[in-house]
Every structure is written in structure tokens, then in C-alpha cells.
Amino acid sequence: MPPAHIVSHNPATVHPPAGGYSMGLELTQHRRLLFVSGQVPERTDGSVPEGFEAQCEQAWRNVREVLAAAGLGVAHLVKVTTFLTDRSQLVANRAIRSAMLGEQQPALTVVVVEPVDSKWLLEIEAIAAE
């Protein structure tokens, strides 16, 4: 199924996006919404990769797997929230997110928080629409 009809809103009266996201997305037509719970960087066996980049890639793989289970992909993403554990992760997070999303520019929020489990360096939640 194609993604929902999405209209991006980046008004000239608001600071421009720093890259890789839209200030606002409007769903003018959609059939369903998928809310992806926060995905942590754990593999199916419960192990956690070493280092931020490997953890970020694993969390994104988990998001993509949940999307795929619903018959969706990154083209269907309309909102992504990423919870980082340190500001120093911002640049690597942006690069990996861009690689995972390609040309997709969902609405985006990035927050620095304390994780539930100290071995996790981030968590990613998302909303997708069809």
C-alpha cells in the first residue's frame, strides 16, 4: 500500500528545519495509523550492541521490523521521536537516521533523557500512516 497523502508544512515564518525532517506534516487522507512503541537497541536474543552507532542502527532495524510486520516501511513514517542519553550523540544520530530514512522527512523530535536501562544509549518511537 502507498503511504498516506502527506503534506509537509515548513512555513517561512518559522526557523527552517536543521535537516532531515519537516516542521509539520498533515495527513489529508489515510486508511490507518501505526504507533510504534519505543524501540530499544536490543537484538532478538536480548543482547545489546557495543557503542552508540551500533545501538542506533539496531534500534532503527527494530523500528523497520515493526513497520514491516504491519506491511509498512519508512516511507509511511510521519512522526519519529528519538530519546538520546547524551548530547554528544546528536551528530551520529542524525547521520544514521538520514541513512535509514533516505529522502523521508517525517516530523521529528529528539530529546536527551535518562534511560530505563543504563545499557541502552537511545530509544526510538514512531508513528506511521497509510
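Please treat every number below as a calculation from the coordinates, not as lab data. Keep in mind it's a predicted model, so treat the numbers as computed, not measured. As a convention, Cβ positions derive from the backbone with ideal geometry for all residues, glycine included, and neighbour counts pool all protein chains shown.
Annotations for the structure displayed:
- Reducing segment 20-45 and segment 73-130 to their Cα centroids gives an inter-centroid distance of 10 Å.
- In this Cβ point-charge picture (+1 for Lys and Arg, -1 for Asp and Glu), the chain has a dipole of about 360 debye about its Cα centre.
- Placing unit charges on the Cβ atoms of the charged side chains and taking the dipole of segment 16-130 about its Cα centre, the candidate lying farthest along the positive direction among GLN58, GLY102, ALA92 is GLY102.
- Against the main long axis of the alpha-carbon atoms of the chain, helix 90-101 sits at an angle near 60°.
- Mean separation of Cα contacts under 8 Å (6+ apart) over length of segment 17-130, as relative contact order %: 44
- A straight chain from HIS15 to ALA54 at 0.36 nm per residue would run longer than the Cα-Cα distance by 10.9 nm.
- Across segment 17-88, the volume of the C-alpha convex hull divided among the residues equals 111 Å³ per residue.
- The chain: angle of helix 52-69 to the longest principal axis, Cα-based, in degrees nearest 10: 50
- Annotation: amide H-H contacts under 5 Å for VAL112 (H modelled 1.01 Å from N, sequence separation of 5 or more, or interchain): LEU84.
- Using alpha carbons only, the radius of gyration of the chain set against its Kirkwood radius gives Rg/Rh = 0.97.
- The chain - mean residue ellipticity at 222 nm from DSSP helices (-39,500 (n - 2.57) per run, n ≥ 4, rounded to 500): -7500 deg cm²/dmol
- Percentage relative contact order, segment 19-70, counting C-alpha pairs under 8 Å, at least six apart: 33
- Applying 1/(1 + (r/R0)^6) with r as the Cβ-Cβ distance of ALA69 and ALA92 and R0 = 30 angstrom yields a FRET efficiency of 0.65.
- Projecting the alpha carbon convex hull of segment 56-130 along each direction and taking the average yields 4.8 nm².
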